[in-house]
1. Output the residue which, of all residues in the range 78-124 that are within 12 Å of Leu62 (Cβ to Cβ) and either among the small types (Gly, Ala, Ser) or at pLDDT below 95 (or both), is surrounded by the most Cβ atoms within 10 Å (Cβ to Cβ).
2. Does Trp271 satisfy being in a helix (DSSP H, G or I), among the aromatic types (Phe, Trp, Tyr) and surrounded by 14 or more Cβ atoms within 10 Å (Cβ to Cβ)?
3. Checking Ala191 against (1) in a loop (DSSP other than H, G, I, E, B); (2) of a type in the set (A, V, I, L, M); (3) within 17 Å of Ala177 (Cβ to Cβ): exactly one of these is not met. Which one?
4. Given Glu196, Glu278, which one is within 25 Å of Gly141 (Cβ to Cβ), of a type in the set (Asp, Glu) and surrounded by 14 or more Cβ atoms within 10 Å (Cβ to Cβ)?
5. Would it be correct to say that Arg251 is surrounded by fewer than 20 Cβ atoms within 10 Å (Cβ to Cβ), at pLDDT 95 or above, in a helix (DSSP H, G or I) and among the basic types (Lys, Arg)?
6. Sort through Ala66, Ala72 and tell me the only one that's touching a Phe, Trp or Tyr at 6+ places or on another chain (Cβ under 6 Å) and of a type outside the set (D, E, K, R).
7. Show the residue pairs that are 6+ apart or on different chains and have beta-carbon atoms under 8 Å apart, the first residue being within the range 171-199 and under 24 Å from Gly147 (Cβ atoms), the second being outside any helix (DSSP H, G or I).
8. When you scan the range 157-175, do you find a residue that is modelled with pLDDT of 95 or more, within 19 Å of the chain's Cα centre (by Cα) and surrounded by fewer than 16 Cβ atoms within 10 Å (Cβ to Cβ), even just one?
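The values are calculated or read from the model by the stated rules, or taken from the named source; none is laboratory data. What you see is a predicted model; the values in this text were computed from it and never measured. Ideal geometry is used to build each Cβ from the backbone, glycine not excepted, and the neighbour counts take in all protein chains shown.
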Amino acid sequence: MKTIDAERLALAEDFLRRNGRLIDRHRFAFHFRGGPAAAITAALRPYENPDGGYGHGIEPDLRGEASQPVPAQHALEFLHEAGADDDPAVERICGYLTSITGPDGGVPFVLPTVREAPSAPWWQAPDDPPGHIVPTGTLAGQLHRIGHRHPWLGPATDFCWAWLDKATDVPPYETYAILTFLDHVPDRERAEAAFERLREPMLAHIALDPQAGGEAHFPLDVAPAPGGLGRRLFDGDLIETHLDALVEAQREDGGWTVNFLIWTPQTEPEWRGFVTVERLRTLRAYGRLSP
């Protein structure tokens with residue numbers, strides 16, 4: 001069984017010091033060095049806008065200042081990591097989401113303000129973008145996880161159920177949103193039924209070969225920790241194989257990398273810093289960090 005020992009963890013720390021954003025350096029320190037949670041929430045504040053949403057590159061492929069839906073999910077995740085589920089920013093995020101939600105209860109994948117600043121080529125928005133499961137499912141799941149009650153959540157939950165009832169083909173990014181929603185939505189019987197119905201469509205886009213090239217999505221992307229429905233998609237031997245491969249994927253500079261398009265140079269260290277913390281969290285969750 002391959003593991004990350006203290007020397008390799010220190011190498012990852014050095015990588016983050018050289019390349020990582022401040023927020024990811026604080027995340028590493030909190031998770032692996034006993035650093036203060038308050039440093040994460042403090043580092044998050046500069047990304048927040050007066051409307052309660054987030055921008056300013058918190059999603060590295062969105063370089064603009066304006067608030068966008070996906071950055072809100074990043075903010076909720078960072079707050080949750082820091083144990084700050086009761087932070088007033090959560091309520092401000094809900095207010096922002098209410099302001100951009102359509103009549104069907106969903107928030108768009110991206111808003112037309114994306115055109116006002118540099119962004120990756122896949123961030124495209126029509127003039128009146130419809131609601132989408134990405135990121136509505138993730139946002140609703142995150143709020144259900146922390147037990148936050150806000151008027152936005154009821155219609156958003158209904159939107160997600162309606163989307164799932166119609167879903168047939170399920171691309172990877174939709175899978176991530178769906179699983180976050182299904183992991184935490186209170187109606188467990190309906191969640192289990194939806195998971196079983198969508199099991200095969202979700203699996204159809206996951207690369208089971210750990211050496212698959214290109215922009216592949218792997219089992220540990222879907223199941224970054226042993227708990228949750230995503231883990232039930234794969235047998236134990238396959239997970240162990242991918243954990244070995246994930247340990248081996250640490251580069252000589254101490255960081256992990258991404259397999260999607262780097263469209264402007266600055267996004268590479270930003271994404272690598274973020275994903276390095278994520279990979280280490282996954283390895284620790286599965287017992288692959290040595291004492």
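1. Applying the filter and picking the extreme gives Ser119.
2. yes
3. Among (1) in a loop (DSSP other than H, G, I, E, B); (2) of a type in the set (A, V, I, L, M); (3) within 17 Å of Ala177 (Cβ to Cβ), the lone unmet condition for Ala191 is (1).
4. Every option except Glu278 fails the conditions.
5. Judged against the criteria, Arg251 is not a match.
6. Result: Ala72 is the single residue among Ala66, Ala72 that is touching a Phe, Trp or Tyr at 6+ places or on another chain (Cβ under 6 Å) and of a type outside the set (D, E, K, R).
7. Between residues of the range 171-199 that are under 24 Å from Gly147 (Cβ atoms) and residues that are outside any helix (DSSP H, G or I), the close pairs are Ile178/Ala167; Ile178/Val170; Leu179/Gly228; Asp183/Gly228; Ala191/Val185.
8. yes
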